[in-house]
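A.B. asks: Structure provided below as structure tokens; questions to follow.
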Amino acid sequence: MKAQRDCLDAAAHQIEGLPGVILELGLGNGRTYDHLRTLFPERDIYVFDRQIAAHPDCIPDDDHMFLGEVVDRLPEATARLGKTAALVHSDIGSGRPETDAILFAQVVPLLGAMVCPGGLVLSDQKLPAGGWQSLPLPEGVAADRYFVYRVGG
């Protein structure tokens, strides 16, 4: 949790001058979403998850929630939001490397259609992100504990 928080805090500073929305892939219990609301009080935050399991105070309104499989909902989000994401936080791994490899091979191109040039993608899993620049982690975050990528620009 500390590595995630440190990476999100650093990312908030890195995208300060970059307009755009925030995407949270995987709501879970809502702690990360709550932290994102604190970091980005003036930005729209859109959340993707299969089902709601978060505390009621940590659930976005219906206009900011995409329920269902992320690979099915990202194209709809792209049609609605365009290439406007300044930051994506992904926490959707299953812990099964073979299954996750298939999922991320599908998700990365879909995210590429949504992240604006210079935007960041943070993930607890290494992503097959050809063309995205891998960025150094904040001090104190162990290598391979989190992954930060800059998209284009």
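A.B. asks: Length gain on complete extension for the stretch MET65 to GLN106, per 0.36 nm per residue less the alpha carbon to alpha carbon distance? Display every interim value, and only then the final one.
C.D. replies: Numbers: separation 41, 0.36 × 41 = 14.76 nm, distance 2.02 nm.
Length gained between MET65 and GLN106: 12.7 nm.
A.B. asks: On to the next question. With θ set to phi - 60°, apply the Karplus curve 6.51 cos²θ - 1.76 cosθ + 1.60 along the range 42-57 and write out the HN-Hα couplings as whole Hz, x wherever there is a Gly or Pro.
C.D. replies: Running phi through 6.51 cos²θ - 1.76 cosθ + 1.60 with θ = phi - 60° gives 9, 9, 6, 10, 10, 10, 10, 7, 5, 8, 7, 9, 8, 4, x, 6 Hz.
A.B. asks: For MET65, list long-range residues whose amide hydrogen, built 1.01 Å from N in the peptide plane, is under 5 Å from its own amide hydrogen.
C.D. replies: Amide H neighbours of MET65: VAL47.
A.B. asks: Multiply the residue gap between ARG80 and ARG50 by 0.36 nm, knock off their C-alpha separation, and tell me the result in nm, one decimal place.
C.D. replies: Extra length available between ARG80 and ARG50 comes to 8.9 nm.
A.B. asks: Build a GNM of the chain with springs between Cα atoms under 10 Å: which of ALA129, ALA142, ALA53 gets the top mean-square fluctuation?
C.D. replies: Between ALA129, ALA142, ALA53, it is ALA142 that shows the largest mean-square fluctuation.
A.B. asks: Moving to a separate point now. Using alpha-carbon positions, what is the distance between the centroids of the range 65-110 and the range 18-51, in Å?
C.D. replies: With the range 65-110 and the range 18-51 each reduced to a Cα centre, they are spaced 14 Å.
A.B. asks: Of all the stretches in the chain, which is the longest one without any exposed loop site, taking GluC sites (Glu not before Pro) in a DSSP loop (any state but H, G, I, E, B) with at most 10 other Cβ atoms within 10 Å? Show your work: numbers first, answer last.
C.D. replies: Numbers: sites that count: GLU16, GLU42, GLU139.
Longest site-free region, per DSSP loop and neighbour criteria: 43-138.
A.B. asks: What is the range 89-153 by shape, rounded, prolate or oblate, if you read a ≥ b ≥ c off the alpha carbon gyration tensor as root eigenvalues and call it rounded for a/c under 1.5, prolate for a/b larger than b/c, and oblate otherwise?
C.D. replies: oblate
A.B. asks: Can you list the DSSP H helices in the chain whose Cα atoms extend at least 20 Å along the helix axis and whose mean Kyte-Doolittle hydropathy is 0.5 or higher? Walk me through the intermediate numbers first.
C.D. replies: Details: long enough: 97-112 (22 Å, 0.99).
Membrane-span-like by this criterion, though nothing is claimed about a membrane: 97-112.
A.B. asks: Further question on the same structure: In a Gaussian network model over the chain where Cα atoms closer than 10 Å are linked, find which of GLY140, GLY119, GLY30 has the largest mean-square fluctuation.
C.D. replies: Checking each option, the largest mean-square fluctuation is seen for GLY140.
A.B. asks: For the chain, what does the alpha-carbon gyration tensor say about shape, rounded, prolate or oblate, given a ≥ b ≥ c as the root eigenvalues, a/c under 1.5 as rounded, and a/b over b/c as prolate?
C.D. replies: Rounded shape, in that the Cα axes give a/c under 1.5.
A.B. asks: Tell me the label-point distance for the pair GLU42, THR99, using the 7 Å Cα-to-Cβ offset, in nm and rounded to one decimal.
C.D. replies: So the two model labels end up 4.1 nm from each other.
A.B. asks: Under the definition of Cα pairs under 8 Å and six or more residues apart, what whole-number percent is the relative contact order of the chain?
C.D. replies: 25 percent
A.B. asks: Show that you can apply the helix-only estimate: for the chain, add -39,500 (n - 2.57) for every DSSP H stretch of four or more residues, divide by all residues, and state [θ] at 222 nm to the nearest 500.
C.D. replies: It lands at -10500 deg cm²/dmol.
A.B. asks: Long-range amide H contacts for VAL115: which residues qualify at under 5 Å (H placed 1.01 Å from N, peptide plane, sequence gap of 5 or more or a different chain)?
C.D. replies: ALA85
No value in this document is a laboratory result; all are computed from the given coordinates. The shown structure was predicted, so the numbers you read here are calculated from the model rather than taken from an experiment. Here Cβ is always computed from backbone atoms with ideal geometry, including for glycine, and neighbour counts include all displayed protein chains.
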